[in-house]
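See structure below.
The values are calculated or read from the model by the stated rules, or taken from the named source; none is laboratory data. All values reported here derive from a predicted model rather than from experimental measurement. We place every Cβ from the backbone using ideal geometry, glycine too, and count neighbours over all the protein chains shown. Surface accessibility is based on the protein's heavy atoms, side chains included, excluding ligands, DNA and RNA. Shrake-Rupley method; radii C 1.70, N 1.55, O 1.52, S 1.80 Å.
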Amino acid sequence: MIAGEMSRILKTFAPVLLSAVYLAQTATAAVETIAISRPPPAPSVMFKMGNPGNPKGQTLTVGPDCLFLDGRPWMPVMGEFHYARYPANEWREELLKMKAGGINTVSTYVFWIHHEEVEGKWDWSGNRDLRAFVQQCQDVGLKVMVRCGPWDHGEVRNGGSPDWLLQKGWRLRSTDTNYLAQVRVLYGQIAAQLNGLLWKDGGPVIGIQLDNEYSGSADYLLALKRIARDAGLDVPLYTKTGWPALKTPLLFGEIIPLYGVYAEGFWDRVLTPMPGDYWRGFYFSRLRTDAAIGTDILGQRVAKDPPDVDDYPYLTCEIGAGMETSYHRRILFYPEDALATALIKLGDGGTSLGYYMYHGGENPDGMLSTLMESQATGMWNDMPVKNYDFQTALGEYGQIRPQYDLLRRLHLFLDEWGPQLANMPATMPDHRPAGRDDVSTLRWDVRSDGVSGFVFVNNYQRLQEMPPKTNVQFAINLPSGPLVFPTRPVTIPSGVCFLWPFNFDLGWGVKVDWATAQPVSAIDDAGTRTVFFAQTGDIPVEFVFNKYFKVKVFSGRTVYTNDQVVISRIRPGTRAAMQIRTPYGPLQIVLLSDEQSLAFWKLNGFGRDRAFLTDAGLVTDGNNLRLTSTNRSALNVSVYPFADLFSVYSGFEGKTDGIFTYFKFPKPARESFRVGLEQIQLAGPPREIPMGKIRQPVATAPDDDDFKQAAVWRVKLPANLDLKSDPLLRLHYVGDVARVTLNGKLLIDNFYNGTVFEVGLRRYAPEILTGDLRVEILPLRKDAPIMLAKEAQPDFGGKQSIISLDSVELIPRYQEELREYSLRP
């Protein structure tokens, strides 16, 4: 009895005692404390999903904490890519890029208006060929979530509903029998497209989403589920967006809610940055329902989750990997916005990462109207007519953005250790930020199973300077006793976000007590396991092992205590920093610098998993490897392992680079082209900017008539320009809205937000080389009722408007491809 009471007292007061001890040892240390409990047993719940098995014997099921693939915890990484917004002949390469970026599941909307713009006339051809798109996903090894609608939003006209449907007078998005009869036709068409491609048939389609952003009666969503099943859409997952919450609670287990978070939204009505609760997207919390999204639907911000939310796995579908620009809010997205919000959702307890959008695109042409969202049709915002780039990881012309690399590093971690993380709940620390303006308190939490776990830290917030946090140590009170690390306090720089492991299973029976570096990935090769870590900024790296493990150190300083081996002062690089002998063979650790870790890839190449280091874009396609970059000097790659391969590629020589073999391609000839530019029309007076005719209107975008007053330049491309590599035309301009037309037809448009306007040229071949190519720009008014980032604010020089096209340049995308690799006999 006395022993039990003493144990209770120690568990209760351990964090306080622990802080006191370490504060006495390091008087200036800011010891961050947290108390971790063993997770309670998972509740016994029943989810009413479709067939979980496929002909190969694989199963996909839903548990209260996570999804299970073949009975093992699985954390999907899902990226949104709209097939109808991208040329069909380019799908495969872009899907390969997504896979190389760590995406394992593609989500895609089926926009009803794209397929039945005219009642009864269905179009599933070309870029609208859903079946061909899903087959391409299957061919490259990606699973698929089909977001069936009938209402999608997605910044499409009427949210995706055809005009003719709105004219019927039925109650849309309801149990109106006339409306549901038409939905039954739509779902039947989708089912026909997916025939034989569902999970139960051995296909890649693992789930469907029913409607989107819905806040009404649960009866409607249940009706959609019945219609889907009647149509043959029998899948392991039926989902809905978890925000906003339903006004009528949904029967538990019928439909899985998926959540989201955006760094900032184009839909807000105010013209100031980061309004309301967007800051919470950079703050660890147990709240799943993001308070800043869905407010255009609800009209209010969500304060708490529905009561049964903890009985569902914490899955996401709309983490903003970018952000589109609306006419009235020209948001400038930063790559760190994507990383920080993804890491926050993961730290909060998320068991999937789902991005909207992960790949940009452009709106298709409509037969009867343009197909973008606009206030003129009663929708909430004025959006570009064609442009749906979303400033995201992969752009509307396949451009690779910095967040692609930042997120890939996180995705590789999940691919290797997601099953460990999946069943670890999130615990908030004892001391948390007091609110939006508290930037001095460290933002962190822990995910742990009561034995091992990960410390998540975020010292980045959009448009907010976060001061460095000095003298930081973490005091984690586990059921087995306290754990404090690192051994010496560290400074967490401004702008970083990361995760560090403790009591971490590296594989092959090796555990590290803690590491002040982020685990990235691992490769098993010929009796050697290699675990890759990334240094966090310039924070000193420390690895600590139990003295039981015999650690051979190649880089760093080793200190032995009574029961631990402490390794510090490690030099990051491509060599093994240390090696541990195991019964299965040696396990080695490679510590990459932060920069090197962003050039790290793990792909299946030439018959097995391999690690690559390259600053170029990289895809593997069977036994082919492709490097692509706008920088000629980036066309090189380091490969590990390489011992089982040889090359007969002319001029291709390998050199040792630590554990890697480094290859530098012959630098391609520099392509330099002169672009002809002739101004053929001066801008007329700036247009008056009317407000929309909706509730809470905002400024309206210009229409075709307004562009009669635009400044116009004729662009002449070189006749010998090779379009096979898909060069980019970069327009450096200042103005309100810019358009590029070819022979009078709109190719692409751009709402100015301070970034360069890029146009990929290949998809417009061959006409673009000889046709009438023009750039049209409207003046930007100084008093325009729009939001612009500080970096985008032009110098009006005392004038009331401004317009300029400062330069136009052609940017080649260089490519190298290896096809001649063979396995060594």
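Which ones in the range 363-380 are touching a residue at least 40 places away in the same chain (Cβ under 8 Å) and out of contact with any strand residue (DSSP E or B) (no Cβ under 8 Å at 6 or more places or on another chain)?
Scanning the range 363-380 gives P364, G366, S369, T370, S374, Q375, A376, T377, G378, M379, W380.
Could you tell me which residue of the range 382-412 is most open to solvent (accessible area, probe 1.4 Å), considering only residues that are touching a Pro at 6+ places or on another chain (Cβ under 8 Å) and part of a helix (DSSP H, G or I)?
Per the criteria, the residue is P402.
Restricting the range 782-815 to residues that are over 25 Å from E324 (Cβ atoms) and of a type in the set (A, V, I, L, M, F, W, C), which is surrounded by the fewest Cβ atoms within 10 Å (Cβ to Cβ)?
So, considering only residues that are over 25 Å from E324 (Cβ atoms) and of a type in the set (A, V, I, L, M, F, W, C), the one surrounded by the fewest Cβ atoms within 10 Å (Cβ to Cβ) is F796.
Look at L165 and say whether it is open to solvent by less than 10 Å² (accessible area, probe 1.4 Å), more than 25 Å from E213 (Cβ to Cβ) and either touching a strand residue (DSSP E or B) at 6+ places or on another chain (Cβ under 7 Å) or outside any loop (DSSP other than H, G, I, E, B) (or both).
No: the conditions fail for L165.
Which one of the conditions (1) more than 21 Å from E155 (Cα to Cα); (2) touching a Leu at 6+ places or on another chain (Cβ under 8 Å); (3) open to solvent by less than 10 Å² (accessible area, probe 1.4 Å) does Y220 fail to meet, given that it meets all the rest?
(2)
Looking at (1) under 21 Å from Y259 (Cβ atoms); (2) hydrophobic (A, V, I, L, M, F, W, C); (3) at pLDDT 95 or above, which one does V302 not meet, given that it meets all the others?
(3)
Please find, within the range 223-240, the residue that is most open to solvent (accessible area, probe 1.4 Å) out of those that are more than 27 Å from the chain's Cα centre (by Cα) and either farther than 17 Å from L130 by Cα or hydroxyl-bearing (S, T, Y) (or both).
Applying the filter and picking the extreme gives R226.
Name the residue that is surrounded by the fewest Cβ atoms within 10 Å (Cβ to Cβ), counting only residues in the range 132-158 that are in contact with a helix residue (DSSP H, G or I) (Cβ under 9 Å, 6 or more places away or on another chain) and at positive phi.
Ranking the qualifying residues of the range 132-158, first place goes to G141.
Take residues that are surrounded by fewer than 16 Cβ atoms within 10 Å (Cβ to Cβ) and in contact (Cβ under 8 Å) with a residue 24 or more places away in the chain and tell me which of the strands (runs of 3 or more DSSP E) falling wholly in the range 425-531 contain 1 or more.
Ranges flagged: 469-478, 481-492, 497-507.
Farther than 19 Å from G398 by Cα and surrounded by fewer than 23 Cβ atoms within 10 Å (Cβ to Cβ): is that true of W122 in this structure?
yes
Go through the residues of the range 79-94 one by one and say whether even a single one is at positive phi and in contact (Cβ under 8 Å) with a residue 12 or more places away in the chain.
No.
Would you say E362 is of a type in the set (D, E), open to solvent by 20 Å² or more (accessible area, probe 1.4 Å) and modelled with pLDDT of 95 or more?
yes
Which of the residues belonging to the range 724-740 are at pLDDT 95 or above and either open to solvent by 10 Å² or more (accessible area, probe 1.4 Å) or of a type in the set (A, V, I, L, M) (or both)?
Of everything in the range 724-740, those that are at pLDDT 95 or above and either open to solvent by 10 Å² or more (accessible area, probe 1.4 Å) or of a type in the set (A, V, I, L, M) (or both) turn out to be L728, L729, R730, L731, H732, Y733, V734, V737, A738, R739, V740.
Can you tell me which residue is least open to solvent (accessible area, probe 1.4 Å) among those in the range 685-716 that are among the hydrophobic types (A, V, I, L, M, F, W, C) and over 23 Å from S801 (Cβ atoms)?
V715
How many residues are in contact with a helix residue (DSSP H, G or I) (Cβ under 9 Å, 6 or more places away or on another chain) and closer than 26 Å to W279 by Cα if we restrict to the range 438-452?
5
With the condition being modelled with pLDDT of 90 or more and open to solvent by 20 Å² or more (accessible area, probe 1.4 Å), I'd like the strands (runs of 3 or more DSSP E) fully within the range 1-115 carrying at least 2 qualifying residues.
Ranges flagged: 30-35, 60-62, 67-69, 72-74.
Which pairs turn up if I take residues in the range 604-627 that are more than 17 Å from D415 (Cβ to Cβ) and look for partners that are modelled with pLDDT under 95 and aromatic (F, W, Y) with beta carbon separation below 7 Å, at least 6 apart in sequence or on another chain?
F606/Y821; N623/F606; N623/Y821
For the range 244-261, name all the residues that are part of a loop (DSSP other than H, G, I, E, B) and open to solvent by less than 10 Å² (accessible area, probe 1.4 Å).
P244, G253, I255
Within the range 119-143, count every residue that is assigned to a strand (DSSP E or B) and either within 13 Å of L371 (Cβ to Cβ) or in contact with a Gly (Cβ under 8 Å, 6 or more places away or on another chain) (or both).
0
Which of the residues belonging to the range 168-184 are among the polar types (S, T, N, Q), assigned to a loop (DSSP other than H, G, I, E, B) and open to solvent by 20 Å² or more (accessible area, probe 1.4 Å)?
Within the range 168-184, T175 is the sole residue that qualifies.
Could you tell me whether A719 is surrounded by 18 or more Cβ atoms within 10 Å (Cβ to Cβ), more than 36 Å from the chain's Cα centre (by Cα) and either hydroxyl-bearing (S, T, Y) or over 30 Å from V270 (Cβ atoms) (or both)?
Criteria not met by A719.
Out of everything in the range 315-347 that is open to solvent by 10 Å² or more (accessible area, probe 1.4 Å) and part of a loop (DSSP other than H, G, I, E, B), what residue ends up being farthest from A263 (Cα to Cα)?
This residue is T325.
Of everything in the range 659-690, what is without any contact (Cβ under 8 Å) to a residue 12 or more places away in the chain and over 30 Å from E817 (Cβ atoms)? Give them in sequence order.
If the condition is that a residue be without any contact (Cβ under 8 Å) to a residue 12 or more places away in the chain and over 30 Å from E817 (Cβ atoms), then E688, P690 are the ones that fit.
Which numbered condition in (1) at pLDDT below 90; (2) out of contact with any Leu (no Cβ under 9 Å at 6 or more places or on another chain); (3) within 27 Å of P697 (Cα to Cα); (4) open to solvent by 10 Å² or more (accessible area, probe 1.4 Å) is the only one that T272 fails?
(1) is the only condition that T272 fails.
Please go through the range 609-649 and give me each residue that is within 20 Å of G101 (Cβ to Cβ), open to solvent by 50 Å² or more (accessible area, probe 1.4 Å) and either of a type outside the set (G, A, S) or at pLDDT 95 or above (or both), ordered by number.
Matches in the range 609-649: D609, D615, T630, N631.
Y187 - would you say it is closer than 24 Å to L130 by Cα, over 27 Å from the mean Cα position of the chain (by Cα) and open to solvent by less than 30 Å² (accessible area, probe 1.4 Å)?
In short, yes.
Checking F600 against (1) within 18 Å of Q588 (Cβ to Cβ); (2) touching a helix residue (DSSP H, G or I) at 6+ places or on another chain (Cβ under 9 Å); (3) at pLDDT below 95, only one condition comes out false. Which one?
F600 satisfies every listed condition except (3).
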